Amino acid sequence: MIPIYPVNDFKVINTRAPVLGEATLSGLKNPPPLSLYIHIPWCVKKCPYCDFNSHESKLAIPEKRYVAALIKDLEQSVPRVYGRKIKSVFFGGGTPSLFSAESIDEILSAVRMLTPLEYGAEITLEANPGTLGAKIQDTAHFQGYKQAGVNRISLGIQSFNADYLKALGRIHDDKQAIQAAELALKTFERVNLDVMYALPNQSLEHALQDARQAVALNPDHLSFYHLTLEPNTPFHRTPPSLPSDDVSADMQDQIEVLLADHGYEHYETSAFCKPNSQSRHNLNYWQFGDYLGIGAGAHSKLSFHDKITRETRHKHPKAFMENAENGSAVDNTWTIEKSDLGFEFMMNALRLTNGFETKLFHERTGMPWQAISTRVAEALKKGLITQDLNRLQPTLLGQRYLNNLLELFLI
């Protein structure tokens, strides 16, 4: 086992001189918070709207081999995050709930051995109601994950309407959606429900019915996503009939009002929560924190004193396992150019409805505020943001036209 020691000075663990041509930063004195993302790439059936790195499990999933490869990947990654505490863990996919509680326990045990996992860290696992099967009537399935250390479940509900679930290619029906949510809420204090709107042929009233059902279940967190037609998906190649932009906008407006009336804070573009129940893992992304991603196709963003890097793993599960076993899970690594840092920071931070403290820009990028001041001035002039001495946040107009706002920060 690799020993872990506390590190008090960020510079101590990053003393390598920058190579000619790398972007150097001034003032990145301390590392941002660090999260861990763990990718489980298999699913029962690929949804026609999904562009994630997920693969239908047509054959038996090599679960044990993949778990061993994940642990190898983590072992190989430890030197790059040496001594830094992990503040949150997120099992995403694919469908992580296809894996047994024993496998999740083995992975989390390795995380605890190899990294200083923060006490009380948020540990989320994504689950599909259709993978619970016969166990949906009892808590055994979720209890196993809880005993392994998972303390938050994110359920991919998408809709509570059987017709829309069928149109989306989901493997669960409306009854399973409600049963799975009730089961999760019996087992975990923290539960997120993912719901989508602007679905094929969806009416405004049906979208609101989904929202009413979601708030009736009373989870601490809700995510409402507008269905988009992503490239290289069946829905993009053969588009279904979708609500008009005006109807979709009405859906968004009325869903937001409904959730606010039920005590949910709209704290990010698609995220709503009860008081003090934000997703700490996703909040770290939006505040331009660091994350180590392990598993097939996973992405990482890691900050060092002289640079900020990104890296990706081999995308196909078989290629990932073979390379992880041979000590080379990472497929590609590159340094974020200084000219791109302003946009990358804003692309995340401007999703937060309350914006961010202006000092965070320098703390997370190592760049002076002057690097984006002219673009900030332009956004202010267009009424897309507001700014005082300590905080910058998008206006309602900026939230509605977020892509237009972000374009101002592209070079």
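The values are calculated or read from the model by the stated rules, or taken from the named source; none is laboratory data. Treat the numbers as computed from the prediction; the structure is a model and nothing was measured. Glycine gets a Cβ as well: all are built from the backbone with ideal geometry, and neighbour counts include every protein chain shown.
General observations
Yes or no, residue by residue, for (1) closer than 22 Å to Ser277 by Cα; (2) touching a residue at least 24 places away in the same chain (Cβ under 8 Å):
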position: Gln158; (1), (2): yes, yes
position: Tyr164; (1), (2): no, yes
position: Leu199; (1), (2): no, yes
position: Arg212; (1), (2): yes, yes
position: Ala216; (1), (2): yes, no
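- Number of the exception - Tyr285 against (1) farther than 25 Å from Arg80 by Cα; (2) under 20 Å from the mean Cα position of the chain (by Cα); (3) not hydrophobic (A, V, I, L, M, F, W, C): (1)
- Failed item, numbered, when Asp173 is tested on (1) modelled with pLDDT under 95; (2) farther than 26 Å from Glu205 by Cα: (2)
- Only listed residue being in the same structural domain as Leu28 (by TED's automatic domain parsing) and surrounded by 21 or more Cβ atoms within 10 Å (Cβ to Cβ), chosen from Ala298, Ala271: Ala271
- Residue within region 361-384 that is within 17 Å of Tyr267 (Cβ to Cβ) and either at pLDDT 95 or above or of a type in the set (Ser, Thr, Tyr) (or both) present: no
- Top-ranked residue of region 48-95 - restricted to ones that are of a type in the set (Phe, Trp, Tyr) and more than 22 Å from Thr228 (Cβ to Cβ), ranked as surrounded by the fewest Cβ atoms within 10 Å (Cβ to Cβ): Tyr82
- Inspection of region 57-80 identifies no residue that is closer than 16 Å to Ala298 by Cα and part of a loop (DSSP other than H, G, I, E, B).
- Contact map, region 359-373: first residue more than 21 Å from Pro33 (Cβ to Cβ), second residue aromatic (Phe, Trp, Tyr) and not in a helix (DSSP H, G or I), Cβ cut-off under 8 Å, separation 6 or more or different chains; pairs are Ile372/Phe409.
- Taking first residues from region 46-66 that are over 30 Å from Tyr197 (Cα atoms) and partners that are surrounded by 17 or more Cβ atoms within 10 Å (Cβ to Cβ) and of a type in the set (S, T, N, Q), the Cβ contacts under 8 Å between residues at least 6 apart in sequence or on separate chains come to Glu63/Ser103; Lys64/Ser103.
- Some residue of region 240-255 being within 21 Å of the chain's Cα centre (by Cα), farther than 23 Å from Asp163 by Cβ and assigned by TED's automatic domain parsing to the domain that holds Leu132: no
- Looking only at region 342-385, residues that are out of contact with any Phe, Trp or Tyr (no Cβ under 9 Å at 6 or more places or on another chain) and aliphatic (A, V, I, L, M) come to 3 in all.
- Wholly enclosed helices (runs of 4 or more DSSP H) of region 210-294 bearing at least 3 residues at pLDDT 95 or above: 245-261, 280-286
- Subset of region 401-411 (residues that are in contact with a Ser or Thr (Cβ under 8 Å, 6 or more places away or on another chain) and part of a helix (DSSP H, G or I)): Leu402
- Some residue of region 162-174 being under 20 Å from Val191 (Cα atoms), surrounded by fewer than 16 Cβ atoms within 10 Å (Cβ to Cβ) and charged (D, E, K, R): no
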